[in-house]
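The values are calculated or read from the model by the stated rules, or taken from the named source; none is laboratory data. Just so we're clear, the structure is a prediction, and the values are computed from it rather than from any experiment. Backbone-built Cβ (ideal geometry, glycine too); neighbour counts: all protein chains shown. Side chains are part of the model used for accessible areas, which takes the heavy atoms of the whole protein and leaves out ligands, DNA and RNA. Shrake-Rupley method; radii C 1.70, N 1.55, O 1.52, S 1.80 Å.
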Amino acid sequence: MSANPILPPFPTTRLRRLRRTKALRDMVTENHVSAANLIWPVFVTEVAGADVEIPSLPGVQRYTVDGVKAAAERAAKLGIPAICVFPHSAQELRTEGCERAWDPENISNQAIRAIKATVPELMVMTDIALDPYNINGHDGLVRNGEILNDETVDCLVRMAIAQAEAGADILGPSDMMDGRIAAFRAALEKRGHKHVTIMSYAAKFASGFYGPFRDAVGASGRLVGDKKTYQVNPANREEALRCVARDLAEGADMVMVKPGMPYLDICREVRDRFGAPTFAYQVSGEYAMIEGAIRNGWLSRDVVMESLLAFRRAGCDGVLTYFAPEVAEALA
Ligand code: PBG
């Protein structure tokens, strides 16, 4: 590598000059994290009872509808702009046809309405995929072992409309079926939901880092096989970029890369190549690794902020993170 041409040699150049005091370091800091960059993913359960801890996500709870209202008030007070609702549906409501996914009374739609009624200024983001309602644990309908694409998209459109009608501000399709963004956009326009935004999980990889999430939504023992016929191979960069190009062309307002930290190269490239609002999801396994190591005394809590700064440095406008309330509190 050749030397940077604008840098005169040592001792004219002493890069440590700018690191000497906190005031200087602060003045030349290139990237910042603020509460406005955070989206908080929360789990809401329709199984009666109280809020419960999720063992593989220490510090993260599965809320009842009342619990999620309190979480929403907390988020709004901390200046977090959006909360993302993930449903934990009752096991007996999971079917092969996934009909519960577009029921206006499913737990996700109940939570959306409850949050919007409690804190209207807080944006509510959703998850669109069939896995919380599917007896197979897959994001799409399964027939003879195949994950059906077009039939799944028809179901997802109904799911999207039900969420928009419940008051969702941001739809988050995480299913990775082909053609879903165009289908949602057309259906939203037709039904008068022209201001509902779509943040597509555009570059979503078939990752082992989703393990604790599947515990959280009660899908762990259920998944038959794996998600490799619809999620992107972790080895593929060009394919991920094609997914992003396609989703933007079909009408996504914002795009997401997921998981986050192992895929920062993709974040940077998406931001540079497309210039669209770009988000990363610091997923459950990333949270579990960091939080687990901190709780064991192996890492200090500073790594939480460092991990979020890395996303900003990689070009992300924002991050979905289970650390959102803790970080917003620290920044307040
Ligand atoms: C489901 C979905 C998953 C996540 C978000 N939506 C899991 C999966 O695809 O199996 C993962 C989030 C996380 O790990 O925190 N479609």
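The table below gives the values:
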read-out: In segment 247-266, residue least open to solvent (accessible area, probe 1.4 Å) [restricted to those that are without any contact (Cβ under 8 Å) to a residue 60 or more places away in the chain and farther than 19 Å from M125 by Cβ]; value: L264
read-out: Any hit, segment 13-35, residues being under 28 Å from A160 (Cα atoms) and either open to solvent by less than 20 Å² (accessible area, probe 1.4 Å) or not acidic (D, E) (or both); value: yes
read-out: Checking A182 against (1) within 28 Å of A90 (Cβ to Cβ); (2) of a type outside the set (S, T, Y); (3) open to solvent by 30 Å² or more (accessible area, probe 1.4 Å); (4) more than 10 Å from the ligand (Cβ to nearest atom), the condition it does not meet; value: (1)
read-out: From the options E269, E291, E306, residue that is within 19 Å of the chain's Cα centre (by Cα), without any contact (Cβ under 8 Å) to a residue 40 or more places away in the chain and crowded, with 18+ Cβ neighbours inside 10 Å; value: E269
read-out: Flag for Y210 being touching a residue at least 24 places away in the same chain (Cβ under 8 Å), within 13 Å of the ligand (Cβ to nearest atom) and part of a helix (DSSP H, G or I); value: yes
read-out: Members of segment 272-288 found to be more than 16 Å from the ligand (Cβ to nearest atom) and in contact (Cβ under 8 Å) with a residue 24 or more places away in the chain, listed by number; value: D272, R273, F274, A276, P277, T278
read-out: Selected residue (only one of Y201, Y230 is within 28 Å of I115 (Cβ to Cβ) and either open to solvent by 10 Å² or more (accessible area, probe 1.4 Å) or assigned to a strand (DSSP E or B) (or both)); value: Y201
read-out: Extreme residue, nearest to the ligand (Cβ to nearest atom), among residues of segment 186-198 that are of a type outside the set (S, T, Y) and under 20 Å from the mean Cα position of the chain (by Cα); value: I198
